[in-house]
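First the structure, in the form of structure tokens, and then the observations on it.
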Amino acid sequence: MPEPGTTERLLPATILAFDYGLRQIGVAVGNSVLGTTQPLAVLRAKDGIPDWMAVEAIVREWRPDLLVVGDPLNMDGTLSELATRARKFGRRLHGRLGLPVTMTDERLSSYTAKGEQRERGHRGDYKAVPIDSYAAELILQTWLREHTATTD
């Protein structure tokens, strides 16, 4: 229960996050009530076009209230070519699934995910053992941090 004089933002309970890429799309799931996140899957994509049947299967299984897509902006905040395509992916998710979709800044998420996986003992080829779902988890954690604060 919020303190008197504050308001608590109502959040969607189940959230799926996507780390969009041209060859792979990482997926993570989280629960805003529990504050938990976990990497879920790496979906194949061909020149940025996902396997829509696989996307729809994950959405049917997890029944999210919200979809979060990482927005891979350039370091100076300008739109990259990949960001333009990620935003198109977000619009298509909304159009195909009818769920709310939001974009969130994901600069350095893949870089950070690789570093964290190295710390956990990952050695070798990231193509053989992709980190995209871990990057999606970082995107979701960032979104949750930005949206779970109470306001005055």
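A simple packing score, the average count of other Cβ atoms within 10 Å per residue, orders the peptides 71-82, 135-146 as 135-146, 71-82, with the highest score first. Taking other C-beta atoms within 10 Å as the exposure proxy, V68, V33 rank V33, V68 from fewest upward. Cβ-to-Cβ counts within 10 Å put K88, K46 in ascending order as K46, K88, the fewest first. Counting beta carbons within 10 Å around each of I25, I15 and listing the fewest first gives the order I15, I25.
Computed from the coordinates by the stated procedures, all read-outs in this text should not be read as laboratory data. All of these numbers come straight from a predicted model, not from anything done at the bench. Glycine also receives a Cβ, built like all others from the backbone with ideal geometry; neighbour counts cover every protein chain displayed.
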